[in-house]
1. Does residue 117 qualify as being modelled with pLDDT under 65 and either touching a helix residue (DSSP H, G or I) at 6+ places or on another chain (Cβ under 7 Å) or surrounded by 16 or more Cβ atoms within 10 Å (Cβ to Cβ) (or both)?
2. Of all residues in region 59-97, which are under 23 Å from residue 33 (Cβ atoms) and part of a helix (DSSP H, G or I)?
3. Going through region 64-90 one residue at a time, which ones are at pLDDT 85 or above, surrounded by fewer than 21 Cβ atoms within 10 Å (Cβ to Cβ) and under 22 Å from residue 107 (Cβ atoms)?
4. Count, please, the residues in region 11-37 that happen to be under 24 Å from residue 121 (Cβ atoms) and surrounded by 11 or more Cβ atoms within 10 Å (Cβ to Cβ).
5. Does residue 40 satisfy the criteria of being touching a helix residue (DSSP H, G or I) at 6+ places or on another chain (Cβ under 9 Å) and loosely packed, with under 14 Cβ neighbours inside 10 Å?
6. Filter region 34-53 for residues that are more than 16 Å from residue 79 (Cα to Cα) and within 13 Å of the chain's Cα centre (by Cα) and give the result.
7. Within region 36-58, track down each residue that is over 12 Å from residue 97 (Cβ atoms), part of a loop (DSSP other than H, G, I, E, B) and touching a residue at least 12 places away in the same chain (Cβ under 8 Å).
């Protein structure tokens, strides 16, 4: 397995007025809303990449984000999250975290950002209640 390498792209500060795009499976979309269960950290807590993975609007469109998942059989929508709506939730912060594996690997991902901080029940509910998301790409039945 190829290890993760930093250095291809510098991490940048994400302005509060920029958006993050989070793809989600349709099972997380009910009654016109994204369910709180969609907002979870991925990986192991001791891993530096641990967090909730998103794409930064500076480098990605909602449609590009919707097409990013590896599971091509599933149907996805995209939540649009304003960076400032996340950072005002205690314990949450946004970090540009570009991924460079090697050469022209399909795993390279300049748009990758992480929403860092614990996603316990209270935090997730607070994020959800803030309604920080809109839709960059409506859930699709295709």
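The values are calculated or read from the model by the stated rules, or taken from the named source; none is laboratory data. Note that this is a predicted model, so its numbers are computed, not measured. Neighbour counts run over all protein chains shown; Cβ positions are idealised from the backbone, glycine included.
1. Details: modelled with pLDDT under 65: no; either touching a helix residue (DSSP H, G or I) at 6+ places or on another chain (Cβ under 7 Å) or surrounded by 16 or more Cβ atoms within 10 Å (Cβ to Cβ) (or both): yes.
So residue 117 does not fit the description; no.
2. 62, 63, 65, 66, 83, 84, 85, 86, 87
3. Listed by number, the list holds a single entry, 64.
4. Our first condition is that a residue be under 24 Å from residue 121 (Cβ atoms); within region 11-37, this holds for 20, 22-37.
Narrowing the set further to residues that are surrounded by 11 or more Cβ atoms within 10 Å (Cβ to Cβ) leaves 20, 22-29, 33-37.
Total satisfying the criteria: 14.
5. Numbers: touching a helix residue (DSSP H, G or I) at 6+ places or on another chain (Cβ under 9 Å): yes; loosely packed, with under 14 Cβ neighbours inside 10 Å: yes.
Here the answer is yes, as residue 40 does meet what is asked.
6. Once the filter is applied, which keeps residues that are more than 16 Å from residue 79 (Cα to Cα) and within 13 Å of the chain's Cα centre (by Cα), region 34-53 yields 42, 49, 50, 51.
7. Passing the criteria: 39, 40, 41, 57, 58.
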